[in-house]
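The values are calculated or read from the model by the stated rules, or taken from the named source; none is laboratory data. All of these numbers come straight from a predicted model, not from anything done at the bench. Glycine also receives a Cβ, built like all others from the backbone with ideal geometry; neighbour counts cover every protein chain displayed.
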Amino acid sequence: VEPGAGAFKGDAGAFLGSASGGGAIQKKGGEADSEEDGKQLRVVLYIGLSLAPILFLLPFLSNRELQPLDQATIDEMMGVQTAPIVRAAPVKAADPWKEYTDEASGRPYFYNAESGETSWAHP
């Protein structure tokens, strides 16, 4: 393997071999590096590089107590604008009974225009 060969092709074995002065990575018995070893090396490098940011931030996060966020804080962070809930007063149904005065006796009575009923007392 030439120094630098494969460095831009994604071949981790060739890249590491060129960085160490050229040549292929050797196994115990002197066998040449196989394709399976290259895959394993790429997986190890991928996992190592994936964990690097977490391992870097760990000392900064270890001294802090994590607090759960309330919904108002989450909404504020997400830019959600919530209007306060305004409940309307219950609407009373119109009373169908109207008060009238009996001309003969002068007493009040009640009349329901919807049903045509009359009553001396308010139902």
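Just one of the numbered conditions (1) small (Gly, Ala, Ser); (2) touching a strand residue (DSSP E or B) at 6+ places or on another chain (Cβ under 6 Å); (3) modelled with pLDDT of 85 or more is not true of ALA104; which one?
With respect to (1) small (Gly, Ala, Ser); (2) touching a strand residue (DSSP E or B) at 6+ places or on another chain (Cβ under 6 Å); (3) modelled with pLDDT of 85 or more, ALA104 is out only on (2).
Only residues that are part of a helix (DSSP H, G or I) and surrounded by 10 or more Cβ atoms within 10 Å (Cβ to Cβ): list them for the stretch 59-102, please.
Correct list: ALA72, THR73, ILE74, ASP75, GLU76.
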